[in-house]
Structures are given as C-alpha cells and as structure tokens.
Amino acid sequence: MPLGKKPSPPSTAPSADNGGPPSPPKKTAAPTSNPQPNPRSKGKPFARSTPRPHAPTTVIANISPNLDNGRYAIKRVAGEDLFVQADIFKDGHDTLRALLKWRAHGADSWNESPMHPIENDRWTGVCQFEGIGKYEFSIEAWADPWQTWLHEFEKKFEAKQKDLSVEITEGAFLVVAAGRRALADQQTDPAQELSQIADAFRTATPEKVNELLQQHELIAMMERWPDRSLSTSLDHPLPVDVERARARFSAWYEFFPRSAQGLGDRSSTFRDCLPRIEDAKAMGFDIVYFPPIHPIGVTARKGKNGALHAQPGEPGSPWAIGSAAGGHFAVEPSLGTIEDFEWLVQETRNRGLEIALDFAINCSPDHPYVKEHPDWFFKRPDGSIKYAENPPKKYQDIYPLNFHCEDWRNLWKELARIVFFWISKGVRIFRVDNPHTKPFAFWEYLIREVKSRYPDVLFLAEAFTRPRLMEMLGKIGFTQSYSYFTWRVSKQELTEYANELTQTERRFYFRANFWPNTPDILAIPLQWAGPNQFKIRATLAATLSSSWGMYSGYELCENEPHPDREEYNDNEKFQFKSRDWNAPGNIKPHISRLNQIRRDNPALQEYDNLQILSSGNDQILAYAKTTSDLENIIVVIVNLDESNRQDSDVHLPLTELGLPNNDCSFTVHDLLNEEVYQWHGPVNYVSLDPQFKTAHILRIQTSSP
C-alpha cells in the first residue's frame, strides 16, 4: 500500500454560474529540478532536504502511463491502484532512489511512496486516489549519498581492507546530516538518536560500525530522512481524473419511457415507469438509460420505420427535439411534467439505481432555438436551414447546430446550461448522442465545466465511428464509450479487440461499454437467432468488460430485422411498442444471474485485468479475470456456437492465478450453472452443449495437492 496521508477530495460545491464560453488553457509554471519543500503532516515517510540550485542530476524518461506528455488525464476510480513505471538513471555508479508523488490538483503538499527498480533502469511504483476529482502525479529521483556510501563501505569491509577510518568519518558525517533533517522536521527524538549513533561511529572499529549498520532503527531513520538536496523531478506533473466506482463498473438497461407499459397504442408516463425500473433492478441493472424525454417536433415528423410522413397518432422520434411545448429544458407533455420526472429520479435512487439521460444536440424545425437563434444553424444558399443527413439516411425532422457560427460562444454556453439544468433535477449520468459529429473542443470545454462543479457526473459516448475519433473522446473526458463489440463475433475478433482495449495504452483513458444491441442496431448475429445466441452475447458483454448494457427487448429475444438495414423492423424509435415483459421464452433469469455474479465477484468489476486463455477449439473462448491479491479468481469459458456442442482443453497459467504448482488440484465452482468440479494441473477438459449450458463462469478455489 502507498505510504503517506491520502489527499482529501476537492470540493464539489456547485457554482452559481451556469456555464460559459471556453477560455484559453491556463499556463502553469513547470517545477524546477529541485522544487521547494512542501509542508508535511506528522507521519510522512520522507523528509525534504534544504534545496539548492543545481542542474538536473538524474534522467527520468519513458513514463507510463503518460498521455501526450500530460495533455490528457489518465482515468482511475476512487481507491483504484495506479501503477507507474519510468526509466530512471544517471551517470556514474551512485545508488539511486526514487519516489512516486501524488496530490489533489491545487494542493500544496505531496503524498509519496517509494519506487523500486525492476529491470535495466526501469522503476515502478504504485499510488491510490481516495476521493473523486482531479489529481496529478510526479516522480522525484536522486543519487542517495548514504546508500552509495553504505554500498562502498560494505564492499571494502568484506574485502577486509585494514584502514577504513576515512570511510567511517564520512559515514558519521552523513548520519549527522540526517539528524539535522530530522530536527528540521521537528522530530527531536530521532535527531538525538542519530547524533548518538554518529558519536559511536567516530570511536568504533570497522567491525563495530558494521554491527551498527545492521540496526533496524538506523536503517529506518536513514530511509526516512534522506538527502534530497540534489533531486530531480518531472518538468510538470501528469494529470489524473478520478471518478466514482460506477465509471468503471456498471450495468445499463435502456428503455423508452413512452413504451414502459408495452401498450402499443398510446404513451406511458413517467409515473408508469416504476414497474419497468423495478424489473431492471430485479435483473441486476444499476443504470436505467432513457432516450430523449423532451417535446417532439411536429414538422416533418417521421412515421413508422422512419417513413417521411407520420400518420395521425404516431409519436415521432424522440431525437427530433422541440415543439410548441418547449425544447431541451422541457419534457414531452405525454410523459408528464418536470416534477413527475424528478419524482421518478428520486424513486429510482431509492431503489439503488440511477437514471441516465440522453443528451442529444438536435433541434426539430419547431424548436424554440430556430426562431430565437436562427444564426446557430447551418443555412443553405436560399436561406433555409439545412437538416441532418447521414447518406443514405435523411433526417428532415432534425436540424443540426453550427458549433462554429459567429455566436458560437453563446451557443456553447447555452448547451452547458442544458446539462446543468438536468443536473439540478437529479441527473448525474448522461449518454451523449453522436458526440463524434461535434467539435472535440466543445466537449473538452463542456466536460471541464461540468466536472469542475460536479465531479460525480459521468458521460457515455455513443460513438460508433473511426477508432481515432473514439479514442480522442475518451482522452478529452468521456467516462465510457460504446464499442465495436456489437460486431465482434469470432474468437479471433473478440480476442484481438478485447486485448486492444484492455492491454494497451487505451486502458488508461478509454473504457469500453459492451452492448450487444441498441435501438439503432440489431447486429447480424442476433437476427432470427434463438435464445442461446442472446445468452452467449450477453455473457460475453457482461464478463469481457466491466461495463455492459442492453436495449429493452433483448431479454425477450426480439430480433426481427428491417429488410434493408441492420436494425429492428417496426423500430421503437418511431412508434409505441407493444410488449409482454414476461413473455414465455425470455432470458431474464440468465441476465439476472450474470449481473448477480458480477456484483459478487470483484474480479469482474475491474476493466484491465483480462487474460485470454489458450484453448484448442475456435468455437471455445476462455479468459480469466483476477483481483490483484488473487483472492478472487474467475475463469469464463463460452461456447460461441449457439447450435452445437463444442469441446476443448483449456490451459490455465497456474502460477499467475496464484495456484501453487503444475501438479496441484483445485475446486472450481460454476457460478452460472451452480455446479462444482475438481480440476487438476494446468490443462483441463470442458464440454459445452448449448441446449443445456452456453458457458461456464468458474470461481477457482485452491486446495492441497
């Protein structure tokens, strides 16, 4: 565990301001190679020597993690370890020491823990951040005169060199200097003890000095009060964004409030949504996501399956925001009132869940902004406003905003005001619609403004787009992102993609949320498939990543595709949906069991601890997830073939999983199917017949060989 007092979380008190235009980045002075001493509370493990001006003495390079030389923040959640590595070296043969330092952004003093060499001048250290908010870390390194002297003295003593009087005098001088640093740190007792040891050095034989050097008290005091006067630190600290636990571990359930009762011919209201919330809770979800709840435009309203003209009574797309009833600060009248929504938010919280709201920056032709701020939109040569297009799709019911219009500062401020408004109504999670089609600079501004006042707010990016765009959204502050999991089907595709997300630098800033379906996407593997395929995809989503989600109807295995597109026929985006939420053949028990297993096993709550295991069958995907203390060891084995039994040997790295040797026996509990097996050694046989079980989720318990 890291040493030192942990920082308190930054204040989360809201500001009276409701957002503003972006300002230029603040310039911060880079620390010198010998930063000024910081005040220390009692119990700090390392004391600062009085600094003096000097050139850098030590090289600190190739720091990991480090996003664009500190341009972007590394992501952590409160209490999560951050392992840092760096190349640390200097000229000559001095013994080096190094510290990993961290603090809340803006704090005066650092917390510190030692770094240790691992190989060829590569050092590592670990720290934790207890509260949410913005933090930073740095590295300090120096040649330690005491450790260098100690190494030289031991070599000469072991070589039986006769005259060591000069070396002993030098050692006494170093002990006295440490005593002075202890006294400056207001530690009088250690200072006196070090002074006495120095006196003993001056009259001692080499044998007696060697004996004194073995005293634990001396070792600890010289460790605590080193000479750091010639230390070198990073030119500037590296930022860390620490979020609450739900940023890393979450289970999302999406449903349209207007179809909460499954009536099919009329809208449900916010107050009708509570049974659906309770059903989501029963299935183990902790976030309920609503598509836009704002008034829906009438002009160019889309009809069933996106028809260009709606029939009487058709509700239109919730993403076409704005009508005579208002815009982004209002709710669709058929759903109820703002007060009804606030009631539902609180009732949902009372049940241990949260409502995530869709932040869609779309305006229907009827949105108040169209009349009040026509300059915020794209204009055609004839003066008309340009509607949205994504060829071959046309969205005549949606006007996109021009983020680079002449009045862009007021536009950006207004959009921030929308988010702050819904925060004031109890929302702390936002799913953002198509963020990759808006400027990165806008999102960086918005997220900075929001999280500076409400660091508990989370943002999910709905960005199915090019990899570099998705990565940039993660870097500039989006908490999570949709992913390509929806289209990764084969063992090779899943292996490569999961490793790319969790085992490369992307794991420090891009948290992938795995969704097997969305209202926009009925993936080909699910089209006309049976319940087994739905179970397989849910199991993969829920265990490969620490966050997953599904759009309602998945538990009912809905899968009739549109004849021309990879999406649902009779799409709920454009109509009320008729459903029996407990229809025969549903897989709600499987979903519930998956989420219960996730809650019960900390290894499945971590994101970057995935290890793909070797198996001899392309239809069998096996992987392990463990906690760092190896107290929770989970092995997941999935049959990717929904129709046929598949068999394979599965190879386990026993040492890495905390098992004693290749000849050991151990018990595995199948948490998904409630079975127990005895396994032996690193290679074990599995057989999965999808008619009975599609996967194993095994918790390993070691036993005596």
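The values are calculated or read from the model by the stated rules, or taken from the named source; none is laboratory data. Everything quoted here is computed from the prediction, not taken from an experiment. All Cβ positions, even for glycine, are placed from backbone atoms using ideal geometry, and neighbour counts span all protein chains on display. Side chains are part of the model used for accessible areas, which takes the heavy atoms of the whole protein and leaves out ligands, DNA and RNA. Shrake-Rupley method; radii C 1.70, N 1.55, O 1.52, S 1.80 Å.
Assorted remarks:
- Listed by chain and number, the lysines placed with their C-alpha closer than 21 angstrom to that of residue 155 are 208; residues fewer than eight positions away on the same chain are left out.
- Sites residue 207 and residue 148, calculated FRET efficiency, Cβ-Cβ separation with R0 22 Å, nearest 0.05: 0.50
- Annotation for residue 487 and residue 337: the two label points, set 7 Å from Cα along the Cα-Cβ direction, are 4.6 nm apart.
- Computed on the chain, with alpha-carbon pairs under 8 angstrom and 6+ residues apart, the relative contact order is 11 percent.
- Lysines with Cα under 17 Å of residue 491, excluding same-chain neighbours fewer than 8 positions away: 535
- Close amide H partners of residue 433, meaning residues 5 or more places away or on another chain with modelled amide H under 5 Å apart, are 359, 360, 361.
- Using a probe of 1.4 Å on the protein chains alone, the accessible area found for residue 642 is around 50 Å².
- Residue-level accessible surface for residue 205, protein heavy atoms, 1.4 Å, Å²: 70
- Ignoring lysines fewer than eight residues from residue 371 along the same chain, the ones with Cα atoms less than 28 angstrom from its Cα are 302, 379, 386, 393, 394, 413, 425, 438, 573.
- Here is the P(r) of region 594-640: all C-alpha pair distances, binned every 10 Å from 0, give 26, 51, 22, 1 in whole percents.
- Each part reduced to its alpha carbon centroid, region 399-476 and region 289-308 end up 22 Å apart.
- Which of 277, 524 is most accessible, then next, and so on - probe 1.4 Å: 524, 277
- Accessible area of the chain belonging to carbon and sulfur atoms, whole % at 1.4 Å probe: 50
- Solvent exposure of the chain as accessible area per residue, Å², 1.4 Å probe: 43
- The chain: radius of gyration and largest Cα-Cα distance (Dmax), Å: 30.4, 105
- Crossing angle, helix 165-184 versus the chain [Cα axis fit, 0-90 degrees, rounded to tens]: 50
- Residue 67 long-range amide H proximity, modeled H, under 5 Å: 72
- As an equivalent ellipsoid, region 165-266 spans semi-axes of 64, 15, 12 angstrom, where each value is the square root of five times an eigenvalue of the C-alpha gyration tensor, largest first.
- Here region 625-686 and region 547-616 have alpha carbon centers that stand 25 Å from each other.
- Helix 440-453 and the long axis of the chain differ in direction by around 70°, with both axes built from C-alpha atoms.
- Each of 85, 652, 615 was placed along the dipole of the chain (beta-carbon charges, centred on the mean Cα), and the one lying farthest toward the positive end is 85.
- For region 556-614, alpha-carbon Rg relative to the globular expectation (2.2 N^0.38 Å, N residues): 1.66
- The charge dipole of the chain, taken about the Cα centre with unit charges on the Cβ atoms of Lys, Arg (+1) and Asp, Glu (-1), comes to about 1600 debye, rounded to the nearest 20.
- Here r is the Cβ-Cβ distance between residue 121 and residue 645 and R0 is 56 Å; the resulting FRET efficiency, rounded to 0.05, is 0.60.
- Label sites at residue 162 and residue 403, each approximated as a point 7 angstrom past Cα along Cα to Cβ, lie 8.1 nm apart.
- Computed from backbone phi, the HN-Hα couplings of region 485-501 come to 3, 3, 10, 9, 10, 6, 4, 5, 4, 5, 5, 5, 6, 5, 5, 4, 6 Hz, rounded to whole numbers (Karplus: 6.51 cos²θ - 1.76 cosθ + 1.60, θ = phi - 60°; Gly and Pro given as x).
- For residue 59 and residue 375, a Förster radius of 56 Å and the Cβ-Cβ distance give a FRET efficiency of 0.55, rounded to the nearest 0.05.
- The listed residues 668, 176 rank as 176, 668 when sorted by accessible area, largest first, using a 1.4 Å probe.
- For region 154-176 versus region 335-389, the gap between their alpha-carbon centres in whole angstrom: 77
- Computed lengthening from residue 245 to residue 274, 0.36 nm per intervening residue step minus Cα-Cα distance: 7.9 nm
- Most to least accessible of 536, 385 (protein chains only, probe 1.4 Å): 385, 536
- Put a dot 7 Å past the Cα of residue 689, heading toward its Cβ, do the same for residue 184, and the two dots end up 7.7 nm apart.
- Multiplying the residue separation of residue 675 and residue 69 by 0.36 nm and removing their Cα-Cα distance gives an extension gain of 213.2 nm.
- Amide H to amide H, with H built 1.01 Å from N, residue 547 comes under 5 Å of 250, 514, counting only residues 5 or more places away or on other chains.
- Computed lengthening from residue 95 to residue 596, 0.36 nm per intervening residue step minus Cα-Cα distance: 175.3 nm
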